[in-house]
């Protein structure tokens, strides 16, 4: 077991493990930690705790010390510098006539580097821009191209549900979503209905997916051959959440709704809901 504390660098971001050493930190404390980018200022989200060695990425970086009032002042000054750097970079982008959209600017704690996040439709040759910015700020410059999902996370906004974006309000990282999830959940496959403001599939498709997969594993699919108390028939429609199957009875040629518990599956339907073939039983 390894003793760690969890530190986050952004309001909504991933939590990283650090070695607290002999110090004891509580949730909400601000600390200075050692990272690959140098010293950084972060907030403790996980107090000192022991985790399995397999969960720790070696070598484990150390917490240098608790943050002081002087550190708080440096962070506040960096936020102000980022605002002015943003507008300076906009002017330089326009001067170089580059087809790119500046999204955010970030100073490292020690001001040894400035990161400019941008989006663009394709690759952008920003070498002259980097030289221009370096001559203005007299420090290391990094331009980082990001995707539309990262842009939405940084800028924030309201989703089609009327609530703030999940990615910018509480999600620490993006989880994979696919069109298959929308199909299994019975949603409209119209891109405008299942896409977020960023233009990608909505992250919330993932939230109920496990429940739908569990229901699908115990519910006959459309086109399945089933046996009911009124005779055999084919499933023509499925209401997963209510557990109701609409069955077209073979003998009576009528459509009746049954709870799935009252139905015996004889043969499941095809992948696209094609009816199963009814085989004649030997006499």
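Full extension of the chain segment joining residue 163 with residue 180 gains 3.7 nm, where the gain is 0.36 nm per residue of separation less the Cα-Cα distance. DSSP beta bridges fully contained in the range 92-144 are about 55 percent antiparallel.
What is the helix-to-structure angle for 69-96, meaning the angle in degrees between its Cα long axis and the longest Cα principal axis of the chain, kept from 0 to 90 and rounded to the nearest 10? Helix 69-96 and the main axis of the chain meet at about 80 degrees. Subtracting the Cα-Cα distance of residue 262 and residue 76 from 0.36 nm times their residue separation leaves 60.5 nm of extension gain.
Computed from the C-beta positions of residue 211 and residue 53 and an R0 of 25 Å, the FRET efficiency is 0.15 to the nearest 0.05.
When a/c reaches 1.5 or more, the comparison of a/b and b/c decides; with that in mind, is the range 2-67 rounded, prolate or oblate per its Cα gyration tensor? The partial results should precede the final answer.
Details: a/c = 1.33, a/b = 1.23, b/c = 1.08.
The shape class here is rounded.
For the pair residue 195 and residue 144, label points projected 7 Å from Cα toward Cβ lie 2.6 nm apart.
Which part of the range 178-194 falls in the paramagnetic zone of residue 242, meaning amide N under 16 Å from the point 7 Å along Cα-to-beta-carbon? Once the point is set 7 Å along Cα→Cβ of residue 242, 186 turn out to lie under 16 Å by backbone N, inside the range 178-194. Dividing the mean sequence gap of close Cα pairs (under 8 Å, 6+ apart) by how many residues the chain holds gives a relative contact order of 10 percent. Mean-square fluctuations from a GNM of the chain, with a 10 angstrom spring cutoff on Cα atoms, peak among 104, 71, 121 at 121.
Dividing the helix sum by the residues of the chain, where each DSSP H run of 4 or more adds -39500 (n - 2.57), gives a mean residue ellipticity at 222 nm of -7500 deg cm²/dmol.
The residues 253, 128, when put in order of fewest to most other Cβ atoms within 10 Å, stand as 253, 128. GNM, the chain, Cα, under 10 Å: largest mean-square fluctuation among 134, 152, 24? With Cα springs under 10 Å in the chain, the top fluctuation among 134, 152, 24 is at 24.
Footprinting exposure proxy ranking of 195, 188, fewest other C-beta atoms within 10 angstrom first, gives 188, 195. Taking the number of Cβ atoms within 10 Å of each Cβ as an exposure proxy, the fewest-first ranking of 247, 124, 105 is 124, 105, 247. Of the residues 70, 92, 101, the one that moves most in a GNM of the chain with alpha-carbon contacts below 10 Å is 70. Hey, of (1) 31, 29, 18; (2) 37, 26, 17; (3) 55, 26, 15, which did the structure itself give for semi-axes √(5λ) of the Cα gyration tensor in Å when calculated? Given (1) 31, 29, 18; (2) 37, 26, 17; (3) 55, 26, 15, the structure-derived one carries the label (3). Determine the percent antiparallel among the DSSP beta bridges restricted to the range 30-127, to the nearest 5. In the range 30-127, DSSP labels about 100 percent of beta bridges as antiparallel. Within the range 79-199, DSSP assigns beta bridges of which about 55% are antiparallel (rounded to the nearest 5). Helix 209-218 and the longest principal axis of the Cα set of the chain meet at an angle near 20°.
Each reported figure results from applying straightforward, stated rules to the coordinates on display, with no laboratory input. Treat the numbers as computed from the prediction; the structure is a model and nothing was measured. Positions of Cβ are generated from backbone atoms using ideal geometry, with glycine treated the same way; all protein chains shown enter the neighbour counts.
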